[in-house]
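A short write-up of the structure that comes next.
Just so it is clear, none of the values below were taken in a lab; they were calculated from the coordinates. Please read all numbers here as calculations on a predicted model, not as lab measurements. Glycine also receives a Cβ, built like all others from the backbone with ideal geometry; neighbour counts cover every protein chain displayed.
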Amino acid sequence: MMELPKTPSFRLDGRRALVTGASSGIGLGSAVALAEAGAHVVLAARGIEQLEKAANALGAAGHSVEVLVLDVGDLDSVAAAIEAASPFDIVVNSAGLARHGPADDTTPEDYDAAMAINLRGAYFLSTYSSKAMRAAGKKGSIIHISSQMGHVGGIDRAVYCATKHGLEGMTKSMAIEWGKQGIRINTLCPTFIRTPLTQSTFNDPERRTWIEGKIKLGRIGEIEDIMGAVVFLASDASAMVTGTALMIDGGWTAD
């Protein structure tokens with residue numbers, strides 16, 4: 001009888017996952033998706049109150065979870081947290097900062113604030129996590145929540161695009177360096193996703209018309225649109241995927 005190939009598992013049982021920016025929005029959705037796939041999830045963000053609410057809800061649903069107060073922009077704290085923790089198999093970086101406005105109006109403070117979280121923080125979270133994985137003899141998956149704006153430009157988004165384009169290049173280079181050690185690193189690139197932070201943009205009729213006109217599927221993204229992709233990149237189902245950007249943009253960048 002013919003031996004059929006077996007679909008690699010999307011399950012994450014027995015694996016430890018760190019999710020930054022996990023108290024709301026895409027980060028929380030990512031944490032829920034990983035927990036539902038069987039991972040023990042460490043929820044990390046700057047505010048303890050929202051973290052505890054998220055952890056309590058996940059725990060009540062029967063998932064294994066803990067919290068970690070962490071500012072991705074504080075590199076000493078990030079290094080200490082990675083060193084103190086048991087090595088992670090999965091790291092999802094959803095922490096991010098936006099300082100939108102015309103390029104001419106950008107201040108050095110705005111530029112530095114966005115770079116500190118979106119690129120500098122992401123860079124060193126990656127290196128610290130990779131070193132810990134390799135020291136423990138683990139293969140692992142590092143996933144950054146990037147953006148479609150890492151591949152195109154956007155209105156009032158020069159600084160944000162600069163951080164995300166940098167994140168895309170960083171990810172490709174790190175994938176080349178770490179591939180032979182079994183460390184995979186990729187980005188997820190969503191379009192505009194409905195979250196509390198983006199609601200003000202959707203409330204602007206002109207901006208909403210522009211967004212909906214660019215998304216070929218004709219609708220705004222939802223948190224649930226991200227969740228399956230996170231599990232895919234974290235799991236053995238994506239074992240041959242590294243250094244790539246998974247677009248979840250409804251066709252925005254297809255032009």
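Give, in nm to one decimal, the length gained when the segment between Asp74 and Ala136 is fully stretched (0.36 nm per residue of separation minus the Cα-Cα distance).
19.9 nm
Within region 1-98, report the trypsin sites (Lys or Arg not before Pro) that DSSP leaves as loop and that have at most 13 other Cβ atoms within 10 Å.
Those that pass, being in a loop and sparsely packed, are Lys6.
Taking the number of other C-beta atoms within 10 Å as the exposure measure, put Thr7, Thr198 in order starting with the fewest.
Sorted ascending by nearby Cβ count, the order is Thr7, Thr198.
Of Cys161, Cys189, how do they rank once you tally other Cβ atoms within 10 Å and put the fewest first?
In order of increasing Cβ crowding within 10 Å: Cys161, Cys189.
Taking the number of other C-beta atoms within 10 Å as the exposure measure, put Phe232, Phe88, Phe202 in order starting with the fewest.
Phe202, Phe232, Phe88
What whole-number distance in Å separates the alpha-carbon centres of region 37-115 and region 224-255?
So the two Cα centres are separated by 20 Å.
Would you calculate a helix-derived [θ] at 222 nm for the chain, using -39,500 (n - 2.57) for each DSSP H run of n ≥ 4 and dividing by the full residue count, to the nearest 500?
-12500 deg cm²/dmol, from helical runs alone.
Please give the net charge around Val159, taking every other residue with its beta carbon less than 13 angstrom from that of Val159, where Lys and Arg add +1 and Asp and Glu add -1.
With Lys, Arg at +1 and Asp, Glu at -1, the neighbours total -3.
Over all directions, how big on average is the projection of the convex hull of the alpha-carbon atoms in region 31-152, in square nanometres?
For the Cα atoms of region 31-152, the hull's average projected area reads 8.9 nm².
Assuming 0.36 nm per residue, please report the length gained on full extension of the stretch Ser64 to Thr244 beyond their Cα-Cα distance.
Here the segment from Ser64 to Thr244 would lengthen by 61.9 nm.
Any idea what angle helix 122-135 forms with the longest principal axis of the chain, computed on alpha-carbon atoms, 0 to 90 degrees, nearest 10?
For helix 122-135, the angle is close to 10 degrees.
Using +1 at the Cβ of each Lys and Arg and -1 at the Cβ of each Asp and Glu in the chain, identify which of Val159, Gly73, Ile226 lies farthest towards the dipole's positive end.
Result: Ile226, furthest along the dipole toward the positive end.
Determine the gain in length on full extension of the stretch Arg11-Asp255; use 0.36 nm per residue of separation and subtract their C-alpha separation, reporting nm with one decimal.
Value of the extension gain: 84.4 nm.
Within region 11-85, list the GluC sites (Glu not before Pro) lying in a DSSP loop whose Cβ has at most 14 other Cβ atoms in a 10 Å radius.
none
If you take every residue apart from Ala132 with its C-beta less than 13 Å away from the C-beta of Ala132, what net charge results, scoring Lys and Arg +1 and Asp and Glu -1?
+3
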